[in-house]
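A quick write-up on the structure given underneath.
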């Protein structure tokens with residue numbers, strides 16, 4: 001039997017969650033929690049988007065998974081084989097990690113690759129661990145034969161896990177960091193003609 005575990009209310013600050021956990025059941029309705037929205041989000045996260053031979057592809061459950069994917073993309077793209085697999089892709093939405101100054105395509109960051117029958121054979125180089133997406137896994141399903149909606153991915157990152165979408169004019173420091181990052185990836189990233197949109201973490205996330 002498969003079981004999938006995820007956090008609840010990932011878009012709330014830890015201090016807010018701690019306070020809610022200490023309240024009695026009777027007091028919770030006074031805090032106007034959107035329970036229906038959270039049930040829909042939890043169901044969307046636990047339901048596989050794609051079932052592959054070795055992985056189930058899910059939407060990410062929290063911000064930590066997003067940041068792990070961002071780091072993995074930047075590590076993978078340094079390798080020749082990953083660069084070959086990725087090719088050159090047009091991207092509008094970019095996740096930003098203020099701590100490292102790195103970006104990654106939001107569609108890549110929005111999904112996890114969960115091994116569906118461990119122990120997992122070493123099918124892909126640098127296989128996904130703990131659900132972290134890799135370029136090898138991503139390109140194996142995002143090849144035109146499976147449809148993953150980039151707009152749904154962006155909506156999930158904002159509405160589902162609490163990221164904020166801003167344009168370069170509204171975040172000049174982020175835009176400056178993006179200009180530097182983009183120079184390092186001109187061969188593999190083409191920014192959409194409409195310009196980039198950045199997805200930022202909430203202030204409480206470090």
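Structural remarks
- Scanning the range 94-114 for residues that are in contact with a strand residue (DSSP E or B) (Cβ under 9 Å, 6 or more places away or on another chain) and farther than 12 Å from residue 73 by Cβ gives 96, 98, 112, 113, 114.
- Single residue of 178, 198 found to be modelled with pLDDT of 95 or more, part of a helix (DSSP H, G or I) and either touching a strand residue (DSSP E or B) at 6+ places or on another chain (Cβ under 6 Å) or surrounded by 17 or more Cβ atoms within 10 Å (Cβ to Cβ) (or both): 178
- Applying the criterion of at least 1 residues that are surrounded by 18 or more Cβ atoms within 10 Å (Cβ to Cβ) and at pLDDT below 85 to the helices (runs of 4 or more DSSP H) found wholly in the range 12-123 leaves 35-46.
The values are calculated or read from the model by the stated rules, or taken from the named source; none is laboratory data. None of these values were measured; they are calculated from a predicted model. For neighbour counting, all protein chains shown are included, and Cβ atoms are generated from backbone atoms with ideal geometry for every residue, glycine included.
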